[in-house]
Amino acid sequence: MSEHELTHALPSYLEPDHVGPWGIYLEQVERVTPYLGRQAKWVETLKRPKRVLIVDIPVELDDGTIAHFEGYRVQHNVSRGPGKGGVRYHQDVTLSEVMALAAWMSVKAAAVDLPFGGAKGGIRLDPRNYSRAELERITRRYTSEIGVIIGPHKDIPAPDVNTNAQTMAWMMDTYSMNHGSTTTGVVTGKPISLGGSLGRVEATGRGVFVVGCAAAKDNGIDIEGARVCVQGFGNVGGTAARLFEDAGAKVIAVQDHTGTVYNSQGLDVLSLLKHVEENGGVAGAPDCDALAADEFWGLETDILIPAALEGQIHEGNADRIRARIVIEGANGPTTPEADDILSNKGIFVVPDVLANAGGVTVSYFEWVQDFSSFFWTEEEINERLERMMHRAYTSVAGVAAQHKVSLRTAAFIAACSRILQAREVRGLYP
Ligand code: GLU
């Protein structure tokens with residue numbers, strides 16, 4: 001446990017860093033407002049979250065001391081359906097970040113046309129500093145605290161950075177015990193034994209691969225032999241790298257929080273995944289060169305996949321990027337300034353709200369399966385996922401061509417229009 005987490009005097013939501021990712025989201029909304037026609041009347045709806053819950057999470061640690069953690073759950077918009085979005089455990093989680101991530105979930109769900117609104121949660125802690133038993137207690141207390149606003153028809157959490165199927169099992173159990181009945185549909189990304197869906201773990205990376213292939217085709221890039229660089233080698237980056245390699249691409253560089261590894265002939269993704277499992281990161285992997293972190297961004301490549309955290313491609317490095325297409329596996333990896341730089345350089349960007357929507361799409365399948373208590377095969381899931389991702393990509397590309405705008409602006413136009421149409425026909429009540 002770091003001292004910072006325990007003695008942090010000022011809660012992060014009182015620090016003057018509110019602009020952060022939420023400021024970036026607001027700028028993205030500003031950019032699409034001129035394209036919203038008469039729906040622009042309702043655009044203020046998108047500029048404020050519907051509901052923000054900040055909770056204190058007091059937990060007894062293994063050594064008997066009491067620690068307090070800051071937890072959040074933000075429901076950005078629920079006009080089109082219940083809130084949906086992950087829960088992140090990270091030492092840098094702030095209210096601004098969770099608000100932005102919740103808003104991007106609203107846009108993502110609408111861009112893919114899932115019947116969900118957007119929500120997100122987070123706990124400000126570094127999970128590497130806590131035992132499994134401590135993480136279980138933290139998760140259960142957090143779930144109890146946000147229990148008043150979540151539910152299978154209200155808001156459905158899922159995994160995100162540093163949370164997984166086990167975290168969801170604890171959340172589902174805590175919610176169910178507090179409500180007196182087993183409620184599998186309250187979270188998605190659960191273990192298969194608890195009503196989880198086949199294909200969910202891989203879904204985000206698979207979606208990145210599917211839209212990545214569509215984007216490559218549109219840009220005249222043959223996947224066979226294409227060079228791919230991936231930042232973030234967790235669930236999203238690791239799966240995407242493996243699928244691109246299986247399809248004949250060469251994954252030439254991978255960066256994670258421990259280092260950057262490079263091999264111009266292509267890394268062996270499976271052995272790199274094994275190395276990461278055994279050593280906690282890519283640093284020290286055999287048969288490759290170690291690069292300085294900053295060199296990663298200047299590598300010449302066909303496909304660049306940022307699949308880690310927000311704000312990784314910014315004014316300071318966007319100009320050096322020599323990729324032909326960027327597929328955003330992470331949420332919010334590119335700042336608006338960097339977006340402009342990439343677009344001026346003619347780099348084709350598939351935005352997060354489209355590129356990483358595979359996860360929430362299979363979460364939707366899981367939620368539907370839980371309600372019907374009837375489970376689909378992995379082939380059915382992957383086939384439906386592919387179909388939905390293709391349909392979303394094609395329809396967003398159509399909007400981009402119609403308005404002569406980037407795919408990000410197009411995805412926002414399509415999504416915001418859907419959200420605001422629902423807002424308008426529902427009307428104001430009470
Ligand atoms: N955390 C994932 C995302 O950012 C998945 C959310 C979900 O499945 O609800 O899209």
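The values are calculated or read from the model by the stated rules, or taken from the named source; none is laboratory data. Note that this is a predicted model, so its numbers are computed, not measured. Cβ sites come from the backbone with ideal geometry, for glycine too, and all protein chains shown count toward neighbours. The area values use the complete protein model at the heavy-atom level, side chains included, leaving out ligands, DNA and RNA. Shrake-Rupley method; radii C 1.70, N 1.55, O 1.52, S 1.80 Å.
How about region 240-300: which strands (runs of 3 or more DSSP E) wholly inside it have at least 1 residues that are among the polar types (S, T, N, Q)? Where strands (runs of 3 or more DSSP E) fall fully within region 240-300 and carry at least 1 residues being among the polar types (S, T, N, Q), they are 250-256, 259-262. So, in region 249-277, of the ones that are within 24 Å of the chain's Cα centre (by Cα) and without any contact (Cβ under 8 Å) to a residue 12 or more places away in the chain, which residue ends up surrounded by the most Cβ atoms within 10 Å (Cβ to Cβ)? Selected residue: 274.
If you scan region 114-130, which residues turn out to be within 15 Å of the ligand (Cβ to nearest atom) and open to solvent by 10 Å² or more (accessible area, probe 1.4 Å)? Selection gives 115 alone.
Scanning region 325-368 for residues that are over 21 Å from residue 390 (Cα atoms), open to solvent by less than 10 Å² (accessible area, probe 1.4 Å) and more than 14 Å from the ligand (Cβ to nearest atom) yields 334, 336, 338, 342.
Restricting to region 61-98, and then to whatever is surrounded by 24 or more Cβ atoms within 10 Å (Cβ to Cβ) and among the polar types (S, T, N, Q), can you tell me which residue is farthest from the ligand (Cβ to nearest atom)? Among those residues, the one meeting the criterion is 77.
Among the residues in region 58-79, are any of a type in the set (Gly, Ala, Ser) and touching a strand residue (DSSP E or B) at 6+ places or on another chain (Cβ under 9 Å)? The answer is yes; a qualifying residue exists.
Consider residue 101 carefully, then state whether it is of a type in the set (A, V, I, L, M, F, W, C), closer than 22 Å to residue 21 by Cα, within 16 Å of the ligand (Cβ to nearest atom) and open to solvent by less than 10 Å² (accessible area, probe 1.4 Å). Against the criterion (of a type in the set (A, V, I, L, M, F, W, C), closer than 22 Å to residue 21 by Cα, within 16 Å of the ligand (Cβ to nearest atom) and open to solvent by less than 10 Å² (accessible area, probe 1.4 Å)), residue 101 qualifies.
Has region 131-139 got any residue that is closer than 23 Å to residue 368 by Cβ, away from the ligand (no atom under 16 Å from the Cβ) and touching a Leu at 6+ places or on another chain (Cβ under 9 Å)? No - not one qualifying residue is present in region 131-139. Across region 154-188, the qualifying residues are those that are open to solvent by 50 Å² or more (accessible area, probe 1.4 Å) and within 15 Å of the ligand (Cβ to nearest atom), and the one among them that is nearest to residue 82 (Cα to Cα) is 154. Scan region 196-234 for residues that are surrounded by fewer than 24 Cβ atoms within 10 Å (Cβ to Cβ), part of a loop (DSSP other than H, G, I, E, B) and more than 14 Å from the ligand (Cβ to nearest atom) and the total you get is 9. If you go through region 168-183 and pick out every residue that is under 21 Å from residue 135 (Cα atoms) and of a type outside the set (Phe, Trp, Tyr), you end up with 9. Residues that are closer than 24 Å to residue 204 by Cβ, open to solvent by 10 Å² or more (accessible area, probe 1.4 Å) and touching a strand residue (DSSP E or B) at 6+ places or on another chain (Cβ under 6 Å) within region 284-306 comprise 285, 293, 299, 302, listed in sequence order. For region 19-27, check the following and say yes or no: at least one residue is in a helix (DSSP H, G or I), free of Cβ contacts under 8 Å to residues at least 60 places away in the same chain and either of a type in the set (A, V, I, L, M, F, W, C) or more than 16 Å from the ligand (Cβ to nearest atom) (or both). Yes, the conditions are met somewhere in region 19-27.
Yes or no: residue 383 within 23 Å of the chain's Cα centre (by Cα), without any contact (Cβ under 8 Å) to a residue 40 or more places away in the chain and open to solvent by 40 Å² or more (accessible area, probe 1.4 Å)? Criteria met by residue 383.
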